[in-house]
Amino acid sequence: MLLTSCFTGVEGTRRVVMSKNDVAATRPGAEEQLVAGLTGTPLAQWQPGREFIVLDDRAALMFDPHTLPADPLSLHLSGDTLRYQGNDRRVTPGLDTLTVLRFADSVRTYSLPLRQSRITSMEMPMMADAAIVHRLDTMLRGRTLWVRNPMWHTADSLTVQGLKYSPVRVEKVLPGVNVYPVRICFRTDSLSGWLPVALPGAGPASRSFAQQFSLTDPRSNYPAITDETWRLIQQQRVAEGMTKDEARLSLGAPKDVSQGHNSALLYELWQYPDGSYLMFCDGLLQRFKLAR
């Protein structure tokens, strides 16, 4: 129904093939290259004493219950450092072979049974490789980045509205939360915050470093954009007359793109997962509906 209402009087809708500019935008950029080397170390190369930071209290539920108290969550492991002790093989009554990893803190030893032995230090669920966190901290501490995500977390875990593409100074990189191996802490002149970041092989791709931060000022790549339009982009807003590049900077790439035409005009419909849509006529935004 959306297509019918938006394309009334328009002939021949079709799925759009990516343009050269769109293809170029999908190639690995400087941000991907920066973190490309932060891949995990294969289990076979782990040395005893390798440190992992627990990211969530629920990580206790992964371990062999025989090494835990009756209520594993009472351990409150989040933030604790566990040191790798070694591993061995165990055959279950069903004749499955498990690889059992052993970790220890200052109080107890924990056993983590795995059905696969080809795991890297970045693939440990709800645990972060302390060496990787330290490496990223060394790479970024004191550096100026531009934030792509305007929804920032504060020290007390509240969410505040920042500005998209605003410059921030990295204060430190800490172990992350839940499934995110790191969080990057930063500040502006008036506000401080942090964002969770996924790394190669760890965490959802939707929160990769490249999707959270830019190494350079994005504004410098678009000298033709007016100050008024750039302010809209920073607030994730759109307005009639915007170009497709401006809309993409504001809302991100659409989930689906379709084109249609009549005898004189070319129409393009962008649809987003949250139900938002943008309608372009000859490359300029003609109408839109935002879900938020």
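Remarks
- Within this structure, D129 passes the test of being within 30 Å of L34 (Cα to Cα) and among the acidic types (D, E).
- Residue within region 84-92 that is touching a helix residue (DSSP H, G or I) at 6+ places or on another chain (Cβ under 8 Å), modelled with pLDDT under 95 and either open to solvent by less than 10 Å² (accessible area, probe 1.4 Å) or outside any strand (DSSP E or B) (or both) present: no
- Number of positions in region 181-200 that are in contact (Cβ under 8 Å) with a residue 60 or more places away in the chain and surrounded by 21 or more Cβ atoms within 10 Å (Cβ to Cβ): 2
- Residues in region 106-157 that are aliphatic (A, V, I, L, M), part of a strand (DSSP E or B) and more than 26 Å from P93 (Cβ to Cβ): M127, A128, L145, V147, M151.
- Selection status of R141, touching a helix residue (DSSP H, G or I) at 6+ places or on another chain (Cβ under 8 Å) and open to solvent by 20 Å² or more (accessible area, probe 1.4 Å): no
The values are calculated or read from the model by the stated rules, or taken from the named source; none is laboratory data. None of the values given here were measured: they were computed from a predicted structure. As a convention, Cβ positions derive from the backbone with ideal geometry for all residues, glycine included, and neighbour counts pool all protein chains shown. Each accessible area value is taken on the protein alone, full model and side chains, heavy atoms only, with ligands, DNA and RNA left out. Shrake-Rupley method; radii C 1.70, N 1.55, O 1.52, S 1.80 Å.
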